1. Tell me the trypsin sites (Lys or Arg not before Pro) within the stretch 71-105 that lie in a loop according to DSSP and have at most 10 other beta-carbon atoms within 10 Å.
2. Which aspartates and glutamates, on any chain, are close to K39 with Cα under 14 Å apart, when same-chain ones fewer than 8 places away are left out?
3. Taking Cα pairs under 8 Å and at least six residues apart, what relative contact order does the chain come out at, in percent?
4. What distance in nm lies between label points placed 7 Å from Cα along the C-beta direction at A19 and K6?
5. Determine the sum of side-chain charges near N25: Lys and Arg each +1, Asp and Glu each -1, restricted to other residues whose C-beta is under 13 angstrom from that of N25.
6. Given the -39500 (n - 2.57) contribution per DSSP H run of 4+ residues, what per-residue ellipticity at 222 nm results for the chain, rounded to the nearest 500 deg cm²/dmol?
7. Expected output is a single nm value to one decimal: the length gained when fully extending between K39 and D99, i.e. 0.36 nm times separation in residues minus the C-alpha distance. What is it?
8. With unit charges on the beta carbons (Lys and Arg positive, Asp and Glu negative) and the dipole taken about the Cα centre of the chain, which residue among L12, V94, G84 sits farthest to the positive side?
Amino acid sequence: MTDYEKMNVNELQSLIGNAEKALRNLQVNQRKDVINQIKELAASINVTAEIIENDKKSSVRKGTPVPVKYRHPDDSSKTWTGRGVMPTWLKTLVDAGRDRSEFKI
């Protein structure tokens with residue numbers, strides 16, 4: 001067994017990196033084995049199995065868009081939903097003494 005307390009930072013980081021790589025490889029191999037088992041079981045009863053990969057990176061955030069509540073008086077492309085930080089155009093107008101409610105849709 002390795003005595004981790006005697007290792008320096010670089011040795012520990014290298015060990016952790018190697019362990020993570022080994023874990024990923026084991027998980028990939030396990031996944032392949034399970035998929036092969038599923039396909040073999042399906043073939044044994046004359047059924048075909050299609051494995052559909054779920055790409056987590058392509059997931060789209062679901063929800064309804066928030067309606068616009070404020071619009072710039074001169075440039076209708078500048079809008080704000082009223083959520084988050086107040087946009088610069090609206091902050092400038094409010095700081096100049098105008099009322100935010102003037103720009104409400």
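1. Of the trypsin sites (Lys or Arg not before Pro), the ones in loops of the stretch 71-105 whose Cβ has at most 10 other Cβ atoms within 10 Å are R83.
2. K39 reaches E50.
3. RCO, the chain: 15 percent.
4. Using points 7 Å along Cα→Cβ, the separation is 1.8 nm.
5. On the way: positive: K21, R24, R31, K32; negative: E20, D33.
Net local charge, N25 excluded: +2.
6. Numbers: 2 runs with 44 residues, N = 105.
Computed ellipticity for the chain at 222 nm equals -14500 deg cm²/dmol.
7. Working: separation 60, 0.36 × 60 = 21.60 nm, distance 6.64 nm.
Length gained between K39 and D99: 15.0 nm.
8. V94
Here, each number is a calculation from the coordinates, and none is a lab measurement. Model, not experiment: these values are computed from the prediction. We place every Cβ from the backbone using ideal geometry, glycine too, and count neighbours over all the protein chains shown.
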